[in-house]
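Scroll down for the structure; my scribbles are underneath it.
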Amino acid sequence: MKKIIAVDGPAGAGKSTVSKIVAARLGYTYIDTGAMYRAVALKCNEELGIGNWERNEDLMAEVLRNVDIKLDESGKVFLDGREVTKEIRTPEVSRGASDVAKSGIVRKRLTELQRDMARLGKVIMDGRDIGTQVLPNADLKIFLTASVEERARRRFDELKAKGLTVDLAQIEKEISLRDKQDSEREIAPLAQAEDAVLLDSTSLTIEEVVEKILQLAKEN
Ligand code: DC
C-alpha cells in the first residue's frame, strides 16, 4: 500500500472531495494544503487589513512569525487556536490566499509544516505543488484535472444548491484566470510532476475517480 499520496491539480478538479473519501477508505489522514494558505491570508486580512499587505513580503513574514495552523481529523481548520473552517472560504480570503501563495517566504514556511505533517505516513495531501515540491518522494502522485467547462459547471451546481444566483460564464472566466495565475506564478507553480499519474475527471464520477486512486494506491 502506498503510504504517502500527493494529489495536485487546478481549482475545481475535485481534489479535496476525492482525497477526503480516499483518506476515509484507507484510514489515512487528509491534509488540505489550500486551507493552510487560506488561514495565513485570513490572519493577514485580520491583522493588517485587506489591501494593506498583498504585495509586501516583509509584512507577511511578520504575520507568519507567530502563526499556528492546525487541521483536525474531521477537516476543521484552526488558526491560533480558533476554528476558522467556514471563514477561510469567503471570496476575500480566496483572493488573499492567491496573494500569499505567491510569496516565497510563506511557501517555505508552509512547505516545512506540510512535510512535518506527512512525516509519519498514511497521508493523502492535496494542493498545487505537492508532487513537485512538498513531497517529491511521495509513493503515489496524482494530477487530477478536468476541462474548464466541466469545473465551472460543477462550481455552478454547488453554488446553486446553496441557493445563490450565479452566472456560469462568469464562473468559467474566474476559473480560467485562477488556472493562469496558479500555473504562471514564479515560485512552485501548479505543474504535473514527471512521475504523476494524470487523471482527467471530466467524464468520470466522483466514485470512479476514488476507485482509480484506490486501485493505484494498492498496486506495488
Ligand atoms: O485549493 P484552494 O483553492 O483552497 O487553494 C487556495 C489558494 O492557495 C489557491 O490560490 C492556490 C494556493 N495553493 C498553493 O499555491 N499551493 C498549494 N499547495 C495549495 C494551494
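According to the square roots a ≥ b ≥ c of the eigenvalues of the Cα gyration tensor, what is the shape class of region 128-220, taking rounded for a/c under 1.5, prolate for a/b larger than b/c otherwise, and oblate for the remainder?
Working: a/c = 2.86, a/b = 1.41, b/c = 2.03.
In terms of gyration-tensor shape, oblate.
Could you tell me which of rounded, prolate or oblate describes region 1-146, using a ≥ b ≥ c as the square roots of the eigenvalues of the alpha-carbon gyration tensor, with rounded for a/c under 1.5 and, failing that, prolate when a/b is larger than b/c and oblate otherwise? Here region 1-146 falls in the prolate category. Descending by average beta-carbon neighbour count within 10 Å, the peptides 10-19, 182-191, 100-109 line up as 10-19, 100-109, 182-191, the highest first.
Taking the Cα centre of the chain as the origin, how large is its charge dipole in debye, to the nearest 20, when only Lys and Arg (+1) and Asp and Glu (-1) carry charge on their Cβ atoms?
380 debye
Rounded to the nearest 0.05, the FRET efficiency derived from the C-beta distance between LEU48 and SER176 at R0 = 25 Å is 0.25. Carbon-plus-sulfur accessible fraction, the chain (probe radius 1.4 Å, protein heavy atoms only): 50%. Within the chain, DSSP assigns beta bridges of which about 25% are antiparallel (rounded to the nearest 5).
Highest average first, the peptides 45-58, 144-157, 201-214, 122-135 ordered by how many other beta carbon atoms sit within 10 Å of their residues are 122-135, 144-157, 201-214, 45-58. Ranked by solvent-accessible area (1.4 Å probe, protein heavy atoms only, all chains present), the residues LYS76, LYS160, LYS2 order from largest to smallest as LYS160, LYS76, LYS2. For LYS162, a cut-off of 18 angstrom between C-alpha atoms picks up these aspartates and glutamates, skipping any fewer than 8 places away in its own chain: GLU87. Normalised by the number of residues in region 132-212, the mean separation of alpha-carbon contacts (under 8 Å, six or more apart) gives a relative contact order of 45 percent. Probing with 1.4 Å while keeping every protein chain in the model, the per residue accessible area of the chain equals 53 Å².
Put the Cα centre of region 49-128 next to the Cα centre of region 11-39 and the gap is 15 Å. Estimated from helices alone, the mean residue ellipticity of the chain at 222 nm is -15500 deg cm²/dmol (sum of -39500 (n - 2.57) over DSSP H runs with n ≥ 4, per residue).
The values are calculated or read from the model by the stated rules, or taken from the named source; none is laboratory data. The model shown is predicted, which means the values in this text are computed figures rather than measured ones. Because the Cβ atoms are built from the backbone with ideal geometry, glycine has one as well, and the counts that use them run over all protein chains shown. For accessibility, only protein heavy atoms count, side chains too; no ligands or nucleic acids. Shrake-Rupley method; radii C 1.70, N 1.55, O 1.52, S 1.80 Å.
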